[in-house]
Structure formats: C-alpha cells, structure tokens
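Q: Following this message is one structure expressed as structure tokens.
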Amino acid sequence: MKKKVVITCFVLVVILGIFVFTIVRDAGEFRELKPHADCRCTKVPNVLGSEDIAIDHSTGTAYISGSDFRSLMKGKFCQGHLYSYTLEGKPVLTNLTAGLKMPFAPHGISLYTAPDNRKYLFAVSHPFPRNCIEIFEITDRGLIHRETIENEFIVSPNDIAAVGPRQFYFTNDHGLRSDLGRMMEDYLRLSRANIVYYDGVRMRVVADGLKYANGVWATGDGKYVYAAASTGKAFYKFERDAGGDLRLLHKLDVNSGVDNIDVDAQGRILIGSHPKLLTFVQHAGNPQKRSPSQVLEVFANQEGGYAFRELYLSDGSDLSACTVAAGYKKRLLLGAVFEGHFLDCHCEK
C-alpha cells in the first residue's frame, strides 16, 4: 500500500512538473532575446499607464490613454485621463480630461472620423467596479463627452475599434468574471475570450474561442477587422459584412504575447508585444522587475497569407512592457501599461 502511495505521489509530481515546464516554455521564458532598434527614442513623462495610442494622421495629433493600472488591479480606483500629443512642430502634451466630472479609467481607445468630418474618440473605461464604453467628440474646444454605454456583454473589455459614431467592436480578454476563473483562463490558456459588436442598438458576440483577446482594429474602408490574442500568441484577420458579422480569413502565429494593434498611414500593421509573458506578470506586481518590450510588423506575403518581422526589441530598461506601437511617418510612439512615460522614437526605417 505504501509503495502505491509513493508511486502515485511520484506520478503526480512528474505531471505537475511537466505542466509547470509547459507554462514557462509557452510563456517564452526560455527565449534568448537580442535587443535591437534602428530608432532614437525620447522619454515623454507625465502620462501614467499609456496603454493605448491612436493617431489622427490628418492633423498629426496622437491621442493617448492613461490610467493607474496597478491600483485598478488592487481594486482601488484612480482617475485616469486622455491626452493629446502634437507630432508636427514642437511636441506638446495636453491633458484633455483634466476637468472631467465622472469616474474615468481609460484602457483601449479608438479614433473615428465620420463622413461629415466630425471626429470621435472611443475609450474602454474601468470606473471600478464597473466597465463601460465612453464616447467623446473631438472639437475645437476640446473633448466633449457624448455617451456612456453599459451592457451585460461588457465583461472584461480591453480594446475597442470604432466603425461609426455609435458603432464599434471591442474585445473581452476574459470570458469569466471571477478572479479565480480569469487566472485559470490565463494559465490554462483557455479559449474563453471574444469580440463583441455594437451596432448602435444592441450587442452581440461576433467572434469567440480566443485566448486572451486583446488588440482590435477596423480598417478605414470597413471591410476588415484585425485582432490580437495575447496568450494565444496570434494575429487574426476577419472579413466584415454589411451587418457587422465577422468571418475569419487568416490566423498568424507570432510566438509572442501580442497586445494593441495600430495601422499607420502607409498601411503598416504594428503591434506592441510581450515576448516573455510571465516576466510581464511579475512586472505588473513589481515595478522593479523589468519586462521586455517588442514591436512586430505584420505584412501580407506572396502566398496570399501573412508574415511578421520584429522591428524593435528592448530589455525593458527604456520602456517596460510595451503595449502599443503607433506609427507616424518615420516615428513610433511606444506606450506601456504600467510606466510613467511613453517613448517618442525617430526611426531609420
């Protein structure tokens, strides 16, 4: 009997060891990183948690979301803000929501220009313990708040892609609501995340079975939607029909924890990414633990599919845990979810 117990314990230890090894390996912790960058980067301070960046290429203005995500993770609400940053002439950083009179903690953002040239800035917000979508109009007088949207489909919203003045897609990075359930989704890499579409009247899931759905982007012509799955380490291209439904066209494995997506004026698909996901988790809990920052470019290949290349990689000493890379001409703006600054990089390529 004692021998059977010993054997059983040994088998369980082996199984547990294999399980832990698999998690660590798949998180990229064994990867050897070789930092490189053909860019000259300047730190821009006074923005805490620059998780997402959207650029208006017609005016040379970047819009940046900023929230204290470490406090939010601990269940403590801190007021966040939206900023503008001028990319032509002398750079000027402006807090656009300094006088906002409602709880606001922005996460993913999206810029939409209507046919009548009115411009809107959409933001996922976490006014703890709620989650919602906020819509602002960009005017000569600054941002004007237009609407707050709440719905039972907004479970764990991360990023947003606007396709109309009140129409948008957003990602739920988790399908479960409890902390334990979400931890299981992450470490077991369960496919419970989804993409939801709001047509201005109702919400519905239009893509599911994703592993930590994160960044989402809708092309300007309204034909396609791109998405990134962090623990799934994948980039997706969907075809969008007239009713907003999505049909998967391509899935590209990128072997990295992809985050937010940006498409610049030249059509380059840029993604901020985390090559070592467990190191990223450690950084979330301890700012002294630096996490690598990576920028990937996804592009169409000659076979009719997609491929990717690495444009930028750092050890995290300049900017830890990059979540977004937004391109403007020969510049990249790199934001990060936990840092107190973002990077303005002038690049050779």
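The values are calculated or read from the model by the stated rules, or taken from the named source; none is laboratory data. What you see is a predicted model; the values in this text were computed from it and never measured. Here the Cβ is made from the backbone with ideal geometry for all residues, glycine too, and neighbour counts use every protein chain on show. These accessible areas exclude ligands, DNA and RNA; they are computed on the full protein's heavy atoms, side chains included. Shrake-Rupley method; radii C 1.70, N 1.55, O 1.52, S 1.80 Å.
Q: Taking the convex hull of the Cα atoms, report for segment 20-111 its projected area averaged over all directions, in nm².
A: Details: hull surface 37.8 nm².
Taking a quarter of the hull surface, the average projection is 9.4 nm².
Q: Can you work out ³J(HN,Hα) from phi for every residue in segment 129-141, in order, using Karplus 6.51 cos²θ - 1.76 cosθ + 1.60 and θ = phi - 60°, giving whole Hz and x for Gly and Pro?
A: Rounded to whole hertz, the list is x, 8, 10, 7, 10, 10, 10, 10, 9, 8, 10, 5, 8.
Q: Going through the cross-link list K90/K329; K74/K289; K223/K251; K233/K289; K76/K276, which pairs have a Cα-Cα distance over 20 Å in this structure?
A: K233/K289; K76/K276
Q: If I model segment 212-274 as equal point scatterers sitting on the Cα atoms and use the Debye formula, what is log10 I(q)/I(0) at q = 0.14, 0.17, 0.24 Å⁻¹?
A: -0.37, -0.54, -0.99
Q: So if the hydrodynamic radius of segment 18-171 is defined as the Kirkwood radius over C-alpha pairs, what does Stokes-Einstein give as its diffusion coefficient at 4 °C and 1.567 mPa s, in µm² per second?
A: Taking Rh from Cα pairs, D becomes 75 µm²/s.
Q: Okay, moving on. What does the accessible area of R130 come to, in Å² to the nearest 10, when a probe of 1.4 Å is used?
A: For R130, the solvent-accessible surface is approximately 90 Å².
Q: Let me ask you something else. Please give the peptides 88-94, 70-76 ranked by average Cβ packing (other Cβ atoms within 10 Å per residue), highest first, as a rough proxy for protection. It would help to have the intermediate numbers written out before the result.
A: Details: 88-94: 10.1, 70-76: 13.0.
Top to bottom by mean Cβ count within 10 Å: 70-76, 88-94.
Q: What spacing in nm lies between the two simple spin-label points modelled at N255 and Q282, each 7 Å away from Cα in the Cβ direction?
A: 2.2
Q: Could you give each residue of segment 200-210 its phi-based ³J(HN,Hα) in whole Hz, using Karplus coefficients 6.51, -1.76, 1.60 with θ = phi - 60°, and x for Gly or Pro?
A: x, 10, 9, 10, 7, 6, 10, 7, 9, x, 9
Q: Pop out the Kirkwood hydrodynamic radius of the chain from its pairwise C-alpha distances, inverse of mean 1/r, in Å to one decimal.
A: Final number for the Kirkwood radius of the chain is 20.6 Å.
Q: Moving on to the next point. Mind giving me the FRET efficiency for V13 and S178? R0 is 51 Å, r the Cβ-Cβ distance, nearest 0.05 is fine.
A: On the way: r = 29 Å, r/R0 = 0.56.
Calculated transfer efficiency: 0.95.
Q: Okay, moving on. Provide the gained length on full extension for the span A114 to C78, in nm with one decimal, where the gain is 0.36 nm per separating residue minus the Cα-Cα distance.
A: Computed gain between A114 and C78 is 9.8 nm.
Q: How far, in nm, would the chain grow between R247 and V205 when pulled straight, counting 0.36 nm per residue and subtracting the alpha carbon separation?
A: The span from R247 to V205 would gain 13.9 nm if fully extended.
Q: If you take the square roots of the eigenvalues of the alpha-carbon gyration tensor of segment 125-270 and sort them as a ≥ b ≥ c, do you get rounded (a/c under 1.5), prolate (a/b over b/c) or oblate?
A: Oblate is the answer for segment 125-270, as a/c is 1.5 or above yet b/c matches or exceeds a/b.
Q: Can you tell me which of D52, D186, D259 moves the most in a GNM of the chain? Springs connect C-alpha atoms under 10 Å apart.
A: With Cα springs under 10 Å in the chain, the top fluctuation among D52, D186, D259 is at D186.
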